Amino acid sequence: MAIRKGEPVTGHIKGITQVDRRTKQLMRNIEPGMIAVIHHMDMDELAAEGLIRANVKLIVNAGPIMSGTVPVRGPLLLLDKGIAIVQIEPMWLPYIPNRSELLLTEAGIVIENHVLPCERFTKEQWFLYYHKALSCMQEQLSIFMDNTLTFAALEKERILKPLRCNAMKTKLEGRPVLIVIRGDHYIGDLKALHSYIHKHHPVLIGVDGGADALLDQGYMPDLIVGDMDSVSDSALHCGAELVVQAYSDGTAPGMGRLLALGLHAITLPACGTSEDMALLLAYDHDCESIIAVGTHSHMFDFMKKGRLGMGSSMLVRIKVGSKLTDAKGFHCLIPVEKERIWQRLYRRLLGWVK
């Protein structure tokens, strides 16, 4: 399927830039009405929803916002909200300084007396890229399965070995655990667990930016784990115990940020994703049960994150599955349950009237 080039830019948009190649890091600093300048291929729904909540004026993307290999809906969500998307070549990204004034015109992007060429991304393009991705799904799935099985074989022994953190003060043994990860609909699913949290008082673990979701809903995380790239400074200062994921050689890139903030943290070598580490940490410390919100559990979840396989995550789910309840999609159950409650009340009222 041929993909048409973007339409010429029409209309002027002016604003101050916030520049970061990684969208989730940009979200820590961007302010309402700013122009987001990023390098994001295959814009997923989670990133798009964050940009919408940030009330950005315009998105300048240094590269293809869709590749035609992953059926993502992020660009469509942005366009439906009236947020324009323009694409530039990656070589122009260094010419856009952070916190500088940018003007989008018919001639291109005007920045510091330079004019950079750009193309507008349209809903028609989204439709074509989306259906191109759907048409090659079987081929992509075959490649993804092969990669998953290859890496699973390599990581099996590391997953089987118990992941213990003796320096950790938070007690997990015999307690229910709730793990919050930044994934599709994670905020809605967390809200759906309000009654469970107040009744059972689980240990609350935020995986990177999942800690911000807990705080936004009025909960204090007990633990924040991960590589610390998407969690806010305010969440890191909330008083939760911090566990930074490290490589097998002990190096932990996320520790530099915490040291700069004057915070103490524990480093823990662990394979796989930060989500995998959190699940293993709870399971291998003999928790009673695990409720997980925002998990990544299928091919498109991982491809949207730029991962071509999910070997470690598949093995982790096999290992912790006896204790794991995946709360993905719980928010969809609330309207149904409310409807049932109203139906029961209505029947009781009819009984009283009779």
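The values are calculated or read from the model by the stated rules, or taken from the named source; none is laboratory data. Bear in mind that the values here come from a model prediction, so they are computed numbers and not experimental data. So basically every Cβ, Gly included, is an ideal-geometry build from the backbone, and we count neighbours across all protein chains shown. In case anyone asks, the SASA skips ligands and DNA or RNA and just uses the protein heavy atoms, side chains included. Shrake-Rupley method; radii C 1.70, N 1.55, O 1.52, S 1.80 Å.
Each peptide among 67-80, 267-280 gets the average number of other Cβ atoms lying within 10 Å of its residues, and from highest to lowest they stand as 267-280, 67-80. Excluding ligands, DNA and RNA, the accessible surface per residue across the chain is 50 Å² with a 1.4 Å probe.
Take the Cα of THR325, step 7 Å toward its Cβ, do the same at MET91, and the gap between the two points is 5.6 nm.
Carbon and sulfur atoms: what percent of the 1.4 Å accessible area of the range 125-195 do they account for? Here carbon and sulfur together make up 56 percent of the probe-accessible area. Could you please state, rounded to a whole Å, how far the C-alpha centre of the range 82-147 is from the C-alpha centre of the range 16-31? Between the Cα centres of the range 82-147 and the range 16-31 lies a distance of 16 Å. Scanning residues 5 or more positions from ALA246 or on other chains, those with amide H under 5 Å from its amide H are LEU268, ALA270, with H placed 1.01 Å from N in the peptide plane. Between the amide H of CYS287 and those of GLY174, distances stay under 5 Å, these residues lying 5 or more places away or on another chain, with hydrogens modeled in the peptide plane. Summary value for the range 110-229: 18 percent relative contact order, contacts being C-alpha pairs under 8 angstrom separated by 6+ residues.
Among ARG21, ARG158, ARG182, the order of accessible area from largest down is ARG21, ARG158, ARG182, computed with a 1.4 Å probe on protein heavy atoms. Among LYS81, LYS319, LYS191, the largest mean-square fluctuation in a Gaussian network model of the chain (Cα springs under 10 Å) belongs to LYS81. Helix 137-160 and the longest principal axis of the C-alpha atoms of the chain enclose an angle of approximately 50°. Each Lys and Arg contributes +1 and each Asp and Glu -1, all at the Cβ; summed about the Cα centre of the chain, the dipole is approximately 1120 debye. In the structure shown, do any of LYS169/LYS199; LYS132/LYS191; LYS123/LYS191 have a Cα-Cα gap over 27 Å, and if so which? In this structure, LYS132/LYS191; LYS123/LYS191 exceed 27 Å between Cα atoms.
With contacts defined as alpha carbon pairs under 8 Å and 6 or more residues apart, what's the relative contact order of the chain in percent? Answer for the chain is 16 percent. In this label model, SER248 and LYS123 are separated by 5.0 nm, measuring between points 7 Å along each Cα→Cβ vector.
The angle separating the long axis of helix 333-353 from the principal Cα axis of greatest extent in the chain is about 60 degrees.
Each principal axis of the range 232-282 carries a Cα extent, and these read 26, 22, 15 Å when sorted largest first.
Its Cα centre serving as origin, the range 43-140 has a Cβ charge dipole (Lys and Arg +1, Asp and Glu -1) of approximately 200 debye.
In the context of the full protein assembly, ILE205 retains an accessible surface of approximately 0 Å², using a probe radius of 1.4 Å and ignoring ligands and nucleic acids. How would you classify the chain from its alpha-carbon gyration tensor, with a ≥ b ≥ c the square roots of the eigenvalues: rounded for a/c under 1.5, else prolate if a/b is greater than b/c, otherwise oblate? Prolate.
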